[in-house]
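Scroll down for the structure; my scribbles are underneath it.
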Amino acid sequence: MVRKQSGGLLDRFAEKAQKQWRRIKTFAVTASFFLCAAGQWLFCEAFQSGSTGEHAGQFTRMFAYDATSQERTAVAVRMIDPLDADGFPSPSSWELSAPLRFHKDWQGKNADPERETEVRLLWTRESLLVRFQAKFRVISVFADAEPDGRRDQLWDRDVAEVFLQSDPSQLRRYKEFEVSPNGFWIDLDIASGEKHNLKSGLKRRVTLNEAAKTWVAELVLPMKSLVARFDAGATWRVNFYRVEGSTEPRFYSAWQPTKTPVPNFHVPEVFGELTFAQHPLSLK
């Protein structure tokens, strides 16, 4: 009898324990469901209210790598159509290239949209083609130049500039090209801080629109002046700049800010990347 009663008590105790365990499991599953639902709701709310500073900051950090890599990479697109009668790309050819735009100073500060610069890039086996479209407040140019348009110290007036480094292993060596709103130009081979005439044989075409306050400069840079043997699979380094004004304070702007205490464009450490695409990049 004692054994029988003891067995019954144990059975009832086990049954109660099982019921309690089932209640605990039900509560845990229910709680997990509501926690997941709350998490999904919070995620959606954060995504939909991305205009707020806190949520925008969260998603900026999440996708910071993608944004940074896009901002630091310039893409030149292969040009298939022939050059026009003057030896320059047609407007439709330029449209194949995605534009880069910048309007902050060399430190990445003091944005001025009325001085925005847009850059487009194309390439062929023979040439790298660069197009600047510049908004301006005032125009300051030199009145004199050599017969072919070359002008020393061109950077002391309004210019658009591109610095190109085809061999990133030689950090202190790169090529510098400048063009002004009235079509003057200069090309330089920079090595260890020394400047030498590059004699690249570049071609340029410049259009000034006073009414729209814009000027457009197209450069055709012979590939042989940039690299011994062109490889479309290589990655170069590059930066783009603008200067406006004849007296200080002038406006010095840069695609990749140099962040030096005083204006200085000769900082190859901050150059972005230049890649060469066979086809126009599709928009996402």
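The values are calculated or read from the model by the stated rules, or taken from the named source; none is laboratory data. Bear in mind the structure is a predicted one, so any value in this text is a computation, not a measurement. Quick reminder, even Gly has a Cβ in these numbers, built from the backbone with ideal geometry, and neighbours come from all protein chains shown.
Conditions: (1) touching a Phe, Trp or Tyr at 6+ places or on another chain (Cβ under 8 Å); (2) surrounded by 19 or more Cβ atoms within 10 Å (Cβ to Cβ). Ser127 meets all but one. Number of the miss?
Result: Ser127 passes all but (1).
One residue is enough: does the range 197-219 have a residue meeting the conditions of a type in the set (D, E, K, R), in the same structural domain as Glu146 (by TED's automatic domain parsing), under 22 Å from the mean Cα position of the chain (by Cα) and within 28 Å of His103 (Cβ to Cβ)? Write out each step before concluding.
If we filter the range 197-219 for residues that are of a type in the set (D, E, K, R), which is where we start, we get 199, 203-205, 210, 213, 218.
Add one more test, that the residue is in the same structural domain as Glu146 (by TED's automatic domain parsing), and what stays is 199, 203-205, 210, 213, 218.
In the following step, the residues that additionally are under 22 Å from the mean Cα position of the chain (by Cα) were identified as 218.
In the following step, the residues that additionally are within 28 Å of His103 (Cβ to Cβ) were identified as 218.
Checked the range 197-219: at least one residue is of a type in the set (D, E, K, R), in the same structural domain as Glu146 (by TED's automatic domain parsing), under 22 Å from the mean Cα position of the chain (by Cα) and within 28 Å of His103 (Cβ to Cβ).
Kindly evaluate Ala254 against the criterion of being surrounded by 15 or more Cβ atoms within 10 Å (Cβ to Cβ), among the aliphatic types (A, V, I, L, M) and over 19 Å from Val77 (Cβ atoms). Outline the logic, then answer.
Numbers: surrounded by 15 or more Cβ atoms within 10 Å (Cβ to Cβ): yes; among the aliphatic types (A, V, I, L, M): yes; over 19 Å from Val77 (Cβ atoms): yes.
Answer is yes for this residue.
Quick check on this structure: which one of Arg237, Arg229 is more than 18 Å from the chain's Cα centre (by Cα) and farther than 24 Å from Phe142 by Cα?
Working: Arg237 fails: more than 18 Å from the chain's Cα centre (by Cα).
Arg229 is the lone residue from the list that is more than 18 Å from the chain's Cα centre (by Cα) and farther than 24 Å from Phe142 by Cα.
Could you please find all residues in the range 162-207 being in contact (Cβ under 8 Å) with a residue 60 or more places away in the chain and buried (at least 18 other Cβ atoms within 10 Å of the Cβ)? Walk me through it before giving the result.
Of all residues in the range 162-207, those in contact (Cβ under 8 Å) with a residue 60 or more places away in the chain come to 162-168, 171-172, 174, 190, 193, 203, 205.
Within the range 162-207, Val162, Phe163, Leu164, Gln165, Ser166, Tyr174, Ile190 qualify.
Within the range 226-247, is there a residue that is surrounded by 13 or more Cβ atoms within 10 Å (Cβ to Cβ), β-branched (Val, Ile, Thr) and without any contact (Cβ under 8 Å) to a residue 40 or more places away in the chain?
no
Taking into account only those residues within the range 110-126 that are in contact (Cβ under 8 Å) with a residue 60 or more places away in the chain and among the charged types (D, E, K, R), which is nearest to Glu178 (Cα to Cα)?
Applying the filter and picking the extreme gives Arg115.
Sort through Asp156, Asp144 and tell me the only one that's exposed (fewer than 13 other Cβ atoms within 10 Å of the Cβ) and among the acidic types (Asp, Glu). Write out each step before concluding.
Working: Asp156 fails: exposed (fewer than 13 other Cβ atoms within 10 Å of the Cβ).
None of the other options fit; the residue is Asp144.
Output the residue which, of all residues in the range 260-283 that are in a loop (DSSP other than H, G, I, E, B) and under 16 Å from the mean Cα position of the chain (by Cα), is surrounded by the fewest Cβ atoms within 10 Å (Cβ to Cβ). Give the steps one after another, and end with the answer.
First pass over the range 260-283, keeping only residues in a loop (DSSP other than H, G, I, E, B): 260-267, 271, 278-283.
From what is left, the residues that are under 16 Å from the mean Cα position of the chain (by Cα) are 271, 281, 283.
Numbers: Phe271: 23, Leu281: 11, Leu283: 5.
In this case the residue turns out to be Leu283.
Go through the range 120-144 and report how many residues are within 23 Å of Ala254 (Cβ to Cβ) and under 25 Å from the mean Cα position of the chain (by Cα). Before the answer, list the steps.
First, pick out the residues of the range 120-144 that are within 23 Å of Ala254 (Cβ to Cβ): 120-123, 128-142.
Going one step further and asking which of them are under 25 Å from the mean Cα position of the chain (by Cα), we end up with 120-123, 128-137.
Total satisfying the criteria: 14.
Of everything in the range 73-97, what is surrounded by fewer than 16 Cβ atoms within 10 Å (Cβ to Cβ) and in a loop (DSSP other than H, G, I, E, B)? Give them in sequence order.
Ile80, Asp81, Pro82, Asp84, Ala85, Asp86, Gly87, Ser90, Glu95
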